[in-house]
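The values are calculated or read from the model by the stated rules, or taken from the named source; none is laboratory data. The shown structure was predicted, so the numbers you read here are calculated from the model rather than taken from an experiment. Cβ placement follows ideal geometry from the backbone for every residue including glycine, while neighbour counts extend to all protein chains displayed.
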There are 2 protein chains.
Amino acid sequence: MDIKQYVIDKASLARAAARKMSIIDTNTKNRALNAMAEALIKNQDIIISANSKDMENGKKNGTSEAMLDRLLLNEKRIKEISNSLKDVALLKDPIGKVDRMWKIENGLQIGQIKVPLGVIGMIYESRPNVTVDAAALCIKSGNCVILRGGSDAINSNIALSNIITEAAISSGLPKGCIQLLEVTDREAVNVMMKLNRYIDVLIPRGGASLINNVVKNASVPVIQTGVGNCHIFVDESADFKIAKDIIINAKVQRPGVCNALETLLIHESISEKFLPELKKVLDDNKVKIKGCIKTKNILPNIELASEDDWKNEYLDLILAVKIVSSIDESIDHIYKYGTKHSEAIITNDYNNSQKFLNEVDAAAVYVNASTRFTDGSQFGFGAEIGISTQKLHARGPMALENLTTIKSIIYGQGQIRK
Amino acid sequence: MDIKQYVIDKASLARAAARKMSIIDTNTKNRALNAMAEALIKNQDIIISANSKDMENGKKNGTSEAMLDRLLLNEKRIKEISNSLKDVALLKDPIGKVDRMWKIENGLQIGQIKVPLGVIGMIYESRPNVTVDAAALCIKSGNCVILRGGSDAINSNIALSNIITEAAISSGLPKGCIQLLEVTDREAVNVMMKLNRYIDVLIPRGGASLINNVVKNASVPVIQTGVGNCHIFVDESADFKIAKDIIINAKVQRPGVCNALETLLIHESISEKFLPELKKVLDDNKVKIKGCIKTKNILPNIELASEDDWKNEYLDLILAVKIVSSIDESIDHIYKYGTKHSEAIITNDYNNSQKFLNEVDAAAVYVNASTRFTDGSQFGFGAEIGISTQKLHARGPMALENLTTIKSIIYGQGQIRK
């Protein structure tokens, strides 16, 4: 099989479909999304049977229990995926909105209207629900999508994409609007990354190595999602109860995600009083501490942190702890080691809250709240396609409107440039 | 000289300066811009003397008159460059504007505030005024800039950047906020393109080969500017006077720029009447026609166009002309050969005007106006850093606010995620 030609064929079909998708009305898109939702329920046996092949392969390959759980599809989960499609149908269509319109001195009327990006390439790992979620958001925003999931979930992905694609096309969407690459060779990704003529943007979602590979090697523009080495700084004026609640929430509620807490910074002046209190609740929640030397002086039984611990995204019940002498030192530490994802200060000092908000450079900066809120649904966007950790185009949780671009439309009466 | 280390040193200095720049107030930035403007006038002899070296080298190397004119700096042009700095000082500072702010159900208040991108890498050719213009826009938007101009203008660029950098730093801006790469080896660009840790975005400005090189090889996010194969479609209901005025303006006023007309599409039903009229004014303006076979049947003395003529950005007094049988054929042609820059329809038919605006995919789509208006100043943005021909982050003329990103700031009272 000629993988390069296979990918190019799919991409050029997507390009042609994108032209049709861009002018399809909201009602048709919503009808398609609801039909996709129903088709998933109607064909759940097919999905579960395909998924059981992936599960078997996973067990054979010694995949961890946690990963197997991410892979699993059952009736309940298919119902959830189906419902999320219906939710996307209910979201406001971003396409066609005129962001602003103005007249210039010669009478030309200039408007900036939201239009689809065109063809979006999604490159992702393991969880098969991404196949459906990404397709839904791309369709609703008038885009076409080329999906490239991981080999772990290939049988599930093929079943899901066949079912939703058929429903979408029966509902009047153009052939090629949703396409899964059914080959899992690396070569397919390599080809995708260079297809500037056919693909407008790549969105990689997954582990650091997947994302780095795409960022490094793609000539197609990339929206980088991902890594979160998130910090909380407990300032000297912090309310201890609020601080402990937020730390436990940010570290424990879902340790494996990018907006979870990784390093805690504590102001020196409260460390002797606060740390023993904190240790107790961390122990209750089975969180292991790796601390700086000053922390170890207060909590002698903990492990000493190394330089690597300040850089690590543990994604696990481990917390790095460092005592700092000032808010400036906390900001310096975050500047040096942070990944510009989500950072928080716990404080009751007005000036320090403003200083932290102003000076910390990250997608989301919090005062007295958990970093776990960096999420499209939590922010009220209804759904998200990922969390951008880059500065171009989108930053933070990406909503439907981040899958659009603008077109300037100009109404004239014969104006020429002087 | 170790070019790689040289570029990394500059870039890491820029990274450090970016942190300081991001919190500098508008007054300081404006003071710096005005000081830069004055310094250029005060030091114009130095600039003119450096420029004369570039001019001499250019003449020795057989540079064309047109290119030499682009390179030339004299008192009048330095005055213009100086004035443009003062104009940038008068523009509204985009930084700190809260685009929107809202409360979610648990009481968290979420705001999205405009912040600088950080470090911008400008890669450009020939015209030395870009050195100053780009620096001014980057500074005003709170960014640091690394400038990499072409070898043709290296002496002028060094003089200009030394003068403005000194004025900027004396006015309180951080060391490293403006830096010119004083080496013109290709290697310097190759290094720049991979410095994701230090540079947030690259903006290449220049010819197609420069831009393609950056798009293909950069791992740093790129805003693509550039190539414009622009079309005008004269519909059957077009007012002939308006059509001729707009065509001449779009083709002749400044043929060497990206928003100039390259291919004219004419509806079949008016071609026999319109083309001879048009030929006359094109002849008056020394514009050479290369036409399709149907055009040649009407105007026997013109040259026959080849497939390449539909693709060409002539940037010269040459116009490709094609007769089409319908508006759909015109849109198909633009879809196939256009570069998504600026496209226009001349019509008096309401439905066709709407159809063209809706279905043509380009940064700017015009009804009854010249494509030459695709420009930051013309659009009323005050200044532009380039015209984006990509869909990510910015599309069309890029203003100051396109040099910013957002940061989400979240005010809480102890909220944790359920």
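A few comments on the model shown:
- Filter pass, B:Leu202 being in a loop (DSSP other than H, G, I, E, B), at pLDDT 95 or above and not assigned by TED's automatic domain parsing to the domain that holds B:Ser353: no
- Screening segment B:248-257 for residues that are surrounded by fewer than 24 Cβ atoms within 10 Å (Cβ to Cβ) and of a type in the set (A, V, I, L, M, F, W, C) and picking the one that is nearest to the other protein chains (Cβ to nearest Cβ) gives B:Ile248.
- Qualifying residue in segment B:74-91 (condition: polar (S, T, N, Q) and loosely packed, with under 15 Cβ neighbours inside 10 Å): yes
- Qualifying residue in segment A:173-186 (condition: more than 11 Å from chain B (Cβ to nearest Cβ), surrounded by fewer than 24 Cβ atoms within 10 Å (Cβ to Cβ) and part of a strand (DSSP E or B)): yes
- Extreme residue, nearest to A:Lys175 (Cα to Cα), among residues of segment A:1-13 that are more than 14 Å from chain B (Cβ to nearest Cβ) and under 27 Å from the mean Cα position of the chain (by Cα): A:Leu13
- Candidates in segment B:388-401 are the residues that are under 13 Å from the mean Cα position of the chain (by Cα) and at the interface with another protein chain (Cβ under 10 Å from one of its Cβ atoms); of these, the one that is surrounded by the most Cβ atoms within 10 Å (Cβ to Cβ) is B:Gly396.
- Meets criteria (in contact (Cβ under 8 Å) with a residue 12 or more places away in the chain, under 30 Å from B:Ala208 (Cβ atoms), within 30 Å of the chain's Cα centre (by Cα) and away from chain A (no Cβ under 14 Å)) for B:Ile289: yes
- Test: residue in segment B:340-355 that is closer than 20 Å to B:Ile223 by Cβ and either surrounded by fewer than 20 Cβ atoms within 10 Å (Cβ to Cβ) or not charged (D, E, K, R) (or both): yes
- From the list B:Ala35, B:Ala17, the lone residue that is in contact with a Ser or Thr (Cβ under 8 Å, 6 or more places away or on another chain) and either in the same structural domain as B:Ile163 (by TED's automatic domain parsing) or surrounded by 22 or more Cβ atoms within 10 Å (Cβ to Cβ) (or both) is B:Ala35.
- Pairs with Cβ under 8 Å, 6+ apart, first in segment A:297-309 and closer than 22 Å to A:Lys336 by Cβ, second surrounded by fewer than 16 Cβ atoms within 10 Å (Cβ to Cβ): A:Glu303/A:Lys288; A:Leu304/A:Ile293
- Qualifying residue in segment B:160-168 (condition: within 20 Å of B:Gly58 (Cβ to Cβ), in the same structural domain as B:Ile211 (by TED's automatic domain parsing) and touching a residue at least 24 places away in the same chain (Cβ under 8 Å)): yes
- Check on B:Val191, surrounded by fewer than 22 Cβ atoms within 10 Å (Cβ to Cβ), touching a residue at least 60 places away in the same chain (Cβ under 8 Å) and away from chain A (no Cβ under 14 Å): yes
- Any hit, segment A:258-280, residues being modelled with pLDDT under 95, surrounded by fewer than 20 Cβ atoms within 10 Å (Cβ to Cβ), within 30 Å of A:Leu403 (Cα to Cα) and away from chain B (no Cβ under 11 Å): no
- Unmet requirement for A:Ile409, which otherwise passes all of (1) in a strand (DSSP E or B); (2) at the interface with chain B (Cβ under 9 Å from one of its Cβ atoms); (3) within 15 Å of the chain's Cα centre (by Cα): (3)
- Subset of segment A:1-17 (residues that are of a type in the set (A, V, I, L, M) and outside any helix (DSSP H, G or I)): A:Met1
- Test: residue in segment B:341-352 that is farther than 25 Å from B:Asp245 by Cβ, within 14 Å of the chain's Cα centre (by Cα) and more than 8 Å from every other protein chain (Cβ to nearest Cβ): no
- Segment A:207-242, residues that are surrounded by fewer than 20 Cβ atoms within 10 Å (Cβ to Cβ), within 19 Å of the chain's Cα centre (by Cα) and not in a helix (DSSP H, G or I): A:Gly207, A:Val227
- Unique match (being over 22 Å from A:Leu278 (Cβ atoms) and at the interface with chain B (Cβ under 8 Å from one of its Cβ atoms)) among A:Asn217, A:Asn213: A:Asn217
- Yes/no for A:Lys322 being among the basic types (Lys, Arg) and part of a strand (DSSP E or B): yes
- Some residue of segment A:294-302 being within 13 Å of chain B (Cβ to nearest Cβ) and at pLDDT 95 or above: no
- Taking the numbered list (1) touching a Pro at 6+ places or on another chain (Cβ under 7 Å); (2) part of a loop (DSSP other than H, G, I, E, B) in turn, B:Lys20 passes all entries but (2).
- Top-ranked residue of segment B:324-339 - restricted to ones that are among the acidic types (Asp, Glu) and away from every other protein chain (no Cβ under 11 Å), ranked as surrounded by the most Cβ atoms within 10 Å (Cβ to Cβ): B:Glu329
- Screening B:Ser377 on (1) closer than 29 Å to B:Gln112 by Cβ; (2) in contact with a Gly (Cβ under 9 Å, 6 or more places away or on another chain) shows it passes everything except condition (2).
- Odd one out for B:Asn358 among (1) among the polar types (S, T, N, Q); (2) outside any loop (DSSP other than H, G, I, E, B); (3) within 7 Å of another protein chain (Cβ to nearest Cβ); (4) buried (at least 18 other Cβ atoms within 10 Å of the Cβ): (4)
- Applying the criterion of being assigned to a loop (DSSP other than H, G, I, E, B) and at the interface with chain A (Cβ under 7 Å from one of its Cβ atoms) to the residues of segment B:363-387, the residue that is farthest from the chain's Cα centre (by Cα) is B:Ser370.
- When we screen B:Asp308, B:Asp283, B:Asp245, B:Asp316 for residues that are within 14 Å of chain A (Cβ to nearest Cβ) and either of a type in the set (Asp, Glu) or surrounded by fewer than 16 Cβ atoms within 10 Å (Cβ to Cβ) (or both), the only hit is B:Asp245.
- Residues being part of a helix (DSSP H, G or I), under 26 Å from the mean Cα position of the chain (by Cα) and not small (Gly, Ala, Ser) - total across segment A:250-283: 2
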